[in-house]
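Notes follow the structure.
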């Protein structure tokens, strides 16, 4: 006795499954780049404007991660960005005069954390819309 099982639309299902990673990657790339650009804009707005070096040093690099990934890098290339973000200890000059401490600016990291959290929520929504079960919080 011989049995036969026929699936209608199996070829279409295979094609959809084959295209799923590239479809998700395209949508995810859009969200990742948007989050990076948004974080950079927020950081630039929050920096104090004395000379503009901190603000002008903020750059976004869109990274091509290949067929199945998306990436972007936000960084500040200003020479004194690290000092502004982290602050300094009390300083004294050669004559012993107190030049004080610089408090941390706390601009870059909090803005990046907020942007990343929002981006993760959007990426979870993309994956959920594709029919996958998403669990856990960011």
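Results, tabulated for the structure shown:
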item: Filter result for the condition that a residue is touching a helix residue (DSSP H, G or I) at 6+ places or on another chain (Cβ under 9 Å) and either within 15 Å of residue 113 (Cα to Cα) or at pLDDT 85 or above (or both), over 39, 69; result: 39
item: Positions within the stretch 64-74 being surrounded by 13 or more Cβ atoms within 10 Å (Cβ to Cβ) and within 11 Å of the chain's Cα centre (by Cα), in sequence order; result: 70, 71, 72, 74
item: Within the stretch 38-57, tally of residues that are under 28 Å from residue 26 (Cα atoms) and either exposed (fewer than 12 other Cβ atoms within 10 Å of the Cβ) or touching a residue at least 24 places away in the same chain (Cβ under 8 Å) (or both); result: 5
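The values are calculated or read from the model by the stated rules, or taken from the named source; none is laboratory data. All values derive from a computational prediction rather than experimental measurement. With ideal geometry, Cβ positions are generated from the backbone for all residues, glycine too; neighbour counts draw on all protein chains shown.
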